[in-house]
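Structure record follows, encoded as structure tokens.
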Amino acid sequence: LAGLAVVAAGVVLGFPMLTTLALETSTTSHAAVVVGLLPLTTALFSALRMGIRPSRTFWAAALAGAAAVLAFTVAQSGGAFTAADGYLFAALVVCAAGYTEGGRLARIMPGWQVIGWALVFCLPLTVPAAVVALSYEPVVWNAHGVAGVLWVATGSQFLGLVVWYRGMAAVGIPKASQLQLAQPLFTLVWSVLLLGEHLTAAAPLTAAAVLVCIAVTQRSRS
């Protein structure tokens, strides 16, 4: 129950809420680069949770990746951190904890039950919150909005995590975290194709640098 509570707090409530708050004032491309540190934070959490001692190479690459992300966020924010950046970094922490605990639980129970029970645990909070939100903010029904909500609910929040936890149980949390290495670059591409956002030169360069650093941490741990 304690492990499922961590998954619920991190993956079901914390990460979606914090990233959504960040995207109110931040672009998707900017958020993608910051969230690109998620594989690294997941690896760090799993190392601490499983009692593994990372090598010096691991820590060097981890610090390099963190420095790249910090430099990007400061440069994009005009020399200072914004509230959106604070939300994004908090999202990294809670999501990494949820991923790590979910991967541990997926070794003793099916992956669909891990995220399924986490969603059930959150119903006493999410249902009243949805009712209150709908009473304060009118809903405009259109095909784009409905498709977006359905995709987030079924794809991102449930089916994606079902296969994600199953994969972590099969190959282990450190190896599974490598599958996230392409996430920032894919997000940058989709932000251009779906949202029409324009990328600065720093965004893809920073994303690539972060991917290299994370790849080094994964290779050093193997």
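The values are calculated or read from the model by the stated rules, or taken from the named source; none is laboratory data. All figures in this text were calculated on a predicted structure; none of them were measured in a lab. Here the Cβ is made from the backbone with ideal geometry for all residues, glycine too, and neighbour counts use every protein chain on show. We work out accessible area using only protein heavy atoms, side chains counted, and drop any ligands, DNA or RNA first. Shrake-Rupley method; radii C 1.70, N 1.55, O 1.52, S 1.80 Å.
Test of understanding: among ALA147, ALA207, ALA201, which residue is open to solvent by 70 Å² or more (accessible area, probe 1.4 Å), farther than 19 Å from PHE15 by Cα and among the small types (Gly, Ala, Ser)?
Values: ALA147 fails: open to solvent by 70 Å² or more (accessible area, probe 1.4 Å); ALA207 fails: open to solvent by 70 Å² or more (accessible area, probe 1.4 Å).
Being open to solvent by 70 Å² or more (accessible area, probe 1.4 Å), farther than 19 Å from PHE15 by Cα and among the small types (Gly, Ala, Ser) holds for just one of ALA147, ALA207, ALA201, which is ALA201.
Report, by residue number, each residue of segment 163-219 that is small (Gly, Ala, Ser) and modelled with pLDDT of 75 or more.
The answer is GLY167, ALA169, ALA170, SER191, GLY196, ALA201, ALA202, ALA203, ALA207, ALA208, ALA209, ALA215.
Go through segment 15-29 and give me each residue that's within 15 Å of the chain's Cα centre (by Cα) and open to solvent by 30 Å² or more (accessible area, probe 1.4 Å). Steps first, please.
At the first step, the residues of segment 15-29 found to be within 15 Å of the chain's Cα centre (by Cα) are 15-23, 28-29.
Hits for segment 15-29 are PHE15, PRO16, MET17, LEU18, THR20, LEU21, LEU23, THR28.
Among the residues of segment 1-14, what is the count of those that are open to solvent by less than 40 Å² (accessible area, probe 1.4 Å) and either under 13 Å from VAL93 (Cα atoms) or without any contact (Cβ under 8 Å) to a residue 60 or more places away in the chain (or both)? Full working, then the answer.
Residues of segment 1-14 that are open to solvent by less than 40 Å² (accessible area, probe 1.4 Å), as a first pass: 3-4, 7-8, 10-12, 14.
Checking the rest, the ones that are also either under 13 Å from VAL93 (Cα atoms) or without any contact (Cβ under 8 Å) to a residue 60 or more places away in the chain (or both) come to 7, 10-11, 14.
Residues in segment 1-14 being open to solvent by less than 40 Å² (accessible area, probe 1.4 Å) and either under 13 Å from VAL93 (Cα atoms) or without any contact (Cβ under 8 Å) to a residue 60 or more places away in the chain (or both): 4 in total.
List the residue pairs whose Cβ atoms are under 9 Å apart, where the first residue sits in segment 33-44 and is farther than 15 Å from VAL11 by Cβ, the second is not in a helix (DSSP H, G or I), and the two are 6 or more positions apart or on different chains.
VAL34/SER26; ALA43/PRO54; LEU44/PRO54
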